[in-house]
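Student: Questions regarding the structure given below will be posed in turn.
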Amino acid sequence: MVGSGIFTNPSKVVELVGATGPALIMWIIGALVAFTASMAYAEWCSRLPVSGGDAQFLDFAYPVPRRTLAVIYA
């Protein structure tokens, strides 16, 4: 999902930083962080191929007491 902020914020970032180079480096670092998070999520999805998403991941990671974190998250 891509929000509209990706289209409106670059000019604000360049204005605050004062140069295009450091702003571009910050965007690349942000992209690397997002990529790392998506790969971690993909690993969870491949390890636990059931429907339920994050609630199932929490239930798998913290089984005792059963479904406590999944219910709190939902």
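Student: Within the range 49-58, can one find any residue that is in contact with a Lys or Arg (Cβ under 6 Å, 6 or more places away or on another chain), part of a helix (DSSP H, G or I) and modelled with pLDDT under 90?
Tutor: no
Student: Could you check the range 22-54 and list, in sequence order, the residues that are touching a helix residue (DSSP H, G or I) at 6+ places or on another chain (Cβ under 8 Å) and under 21 Å from ILE6 (Cα atoms)?
Tutor: Correct list: ALA23, MET26, TRP27.
Student: If you check every pair at least six apart or on different chains, which have Cβ atoms under 8 Å apart with a residue in the range 1-12 that is within 15 Å of GLY30 (Cα to Cα) first and a residue that is at pLDDT 75 or above and surrounded by 10 or more Cβ atoms within 10 Å (Cβ to Cβ) second?
Tutor: As it stands, the answer is PRO10/ALA23; PRO10/TRP27, since those pairs meet every condition given.
Student: Also, quick follow-up: Right, SER46: under 20 Å from the mean Cα position of the chain (by Cα) and not in a helix (DSSP H, G or I) or not?
Tutor: For SER46, the condition - under 20 Å from the mean Cα position of the chain (by Cα) and not in a helix (DSSP H, G or I) - is not met.
Student: Could you tell me whether the range 20-42 includes any residue that is modelled with pLDDT under 85, assigned to a helix (DSSP H, G or I) and surrounded by 11 or more Cβ atoms within 10 Å (Cβ to Cβ)?
Tutor: Checked against the condition, which is being modelled with pLDDT under 85, assigned to a helix (DSSP H, G or I) and surrounded by 11 or more Cβ atoms within 10 Å (Cβ to Cβ), the range 20-42 yields no hits at all.
The values are calculated or read from the model by the stated rules, or taken from the named source; none is laboratory data. These numbers come from a predicted model, not from an experiment. Every residue, glycine among them, receives a Cβ derived from its backbone with ideal geometry; neighbour counts consider all protein chains shown.
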